[in-house]
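As structure tokens, the structure follows; a few thoughts come after it.
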Amino acid sequence: MSDPFKLASRLDLSASQGLVAHLLSIPKSSPTVLDASEVTHIGALCAQALMAAGIRSTAAGGSLDIINTNERIETQLGSMGLTLSSIMEGRV
């Protein structure tokens, strides 16, 4: 397993292209660990990218783990009808 990928502090429109590029560069069946310790904001587009990565990984027998999250991020995801578990498990 590689080192965790540190997510940007603001996962908004400007961060989405880099996030998607990174997520697509990881082999589908590899364990993926994302470090959210610096994240203070997550927008819908990046949340969608993370959800797609969770679906992609679990369908291929891999895994997606998002570590070092905070309550603020969980609240923002909740307002979109998402949870960290649903993203990591690839459940819509």
* To do: Output the number of residues of the stretch 21-39 satisfying the condition of being under 18 Å from Leu84 (Cα atoms), under 12 Å from the mean Cα position of the chain (by Cα) and of a type outside the set (Gly, Ala, Ser).
  => 6
* Asked: Failed condition for Val39, given (1) in a helix (DSSP H, G or I); (2) at pLDDT 95 or above, with all others met?
  -> (1)
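Matching residues to (1) on the phi < 0 side of the Ramachandran plot; (2) modelled with pLDDT of 95 or more; (3) in contact with a Gly (Cβ under 9 Å, 6 or more places away or on another chain):
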{"residue": "Ala47", "(1), (2), (3)": "yes, yes, no"}
{"residue": "Met51", "(1), (2), (3)": "yes, yes, yes"}
{"residue": "Ala60", "(1), (2), (3)": "yes, no, no"}
{"residue": "Asp65", "(1), (2), (3)": "yes, yes, no"}
{"residue": "Asn68", "(1), (2), (3)": "no, yes, no"}
{"residue": "Glu71", "(1), (2), (3)": "yes, yes, no"}
{"residue": "Leu77", "(1), (2), (3)": "yes, yes, no"}
{"residue": "Leu82", "(1), (2), (3)": "yes, yes, no"}
* **Identity of the residue in the stretch 1-36, touching a strand residue (DSSP E or B) at 6+ places or on another chain (Cβ under 7 Å) and among the β-branched types (Val, Ile, Thr), that ends up nearest to Ser63 (Cα to Cα)** => Thr32
* Kindly indicate the residue of the stretch 1-43 that is buried (at least 16 other Cβ atoms within 10 Å of the Cβ) and small (Gly, Ala, Ser) and also nearest to Asn70 (Cα to Cα) among those meeting that condition. => Ala36
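The values are calculated or read from the model by the stated rules, or taken from the named source; none is laboratory data. Note that the coordinates shown come from a computational prediction; the quantities given were computed from them, not determined experimentally. Virtual Cβ from ideal backbone geometry, glycine too; neighbours counted across all protein chains shown.
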